[in-house]
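Novice: Input: one structure, supplied below.
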Amino acid sequence: AAFQQTTGLLASCRVSPALLTARHRISPLQKRLYTDEQNKNASGGRVFETTTAQFDKDVLDSDVPTIVDFYAEWCQPCKMLGPLLSKAVEKDGRVNLAKINVDENLDLAGDYKISSLPTVMAFRDGEPVAAFIGMRPPAAISEFVKDIAEGNEVGSAGRSA
């Protein structure tokens, strides 16, 4: 009876009761992830968080060159670099930016031998093609993004076997 009363109230709001039950409610994160999944390989310019579990799908299998920002919440240079990378990627629109919190994804940081933060690594066709460590001026970051978008290799990168 309580469900029928709730259903009647919801019908007047034109919202499906199934979407509002605790079991079926879509969180903002789920909605963003669903939208990101729909647009995964559509084009560049996306900035998103990823995890070890999603890394292959989000980065290595992407049709779009992807720059990966390995960061930590406590890292002050990371806090300065992150917004600059995001702005450059969104402005260029030909590459994506995946952000990985190394404290929450230690195994992935180990796979790529991340020993200093911030570390930025670019991937194309599932392979690392460029990297840099530490803070860079905005012009250098924009140039890095442009080089990755245009297929130019800069720096060095690698993953352990």
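The values are calculated or read from the model by the stated rules, or taken from the named source; none is laboratory data. Nothing here was measured: the structure is a model prediction, and the numbers come from that model. Neighbour counts are summed over all protein chains in view; Cβ atoms, including those assigned to glycine, are modelled from backbone coordinates with ideal geometry.
Novice: Here are the criteria: (1) free of Cβ contacts under 8 Å to residues at least 40 places away in the same chain; (2) of a type outside the set (Lys, Arg); (3) out of contact with any Leu (no Cβ under 7 Å at 6 or more places or on another chain). Tell me which single one THR119 does not satisfy.
Specialist: (1)
Novice: Just to be sure before I move on: is SER62 modelled with pLDDT of 95 or more and under 20 Å from LYS146 (Cβ atoms) in the structure I sent? Quick ask: steps written out before the conclusion?
Specialist: On the way: modelled with pLDDT of 95 or more: yes; under 20 Å from LYS146 (Cβ atoms): yes.
Yes: the conditions hold for SER62.
Novice: Would it be correct to say that ASP69 is crowded, with 17+ Cβ neighbours inside 10 Å, within 25 Å of ALA53 (Cβ to Cβ) and of a type in the set (D, E, K, R)? Quick ask: steps written out before the conclusion?
Specialist: Working: crowded, with 17+ Cβ neighbours inside 10 Å: yes; within 25 Å of ALA53 (Cβ to Cβ): yes; of a type in the set (D, E, K, R): yes.
Taking the combined requirement at face value, the residue satisfies it.
Novice: Also, quick follow-up: Given the residues LYS113, LYS146, which is the only one that is over 22 Å from PRO83 (Cβ atoms) and not in a strand (DSSP E or B)?
Specialist: Details: LYS146 fails: over 22 Å from PRO83 (Cβ atoms).
Just a single option satisfies the conditions, and that option is LYS113.
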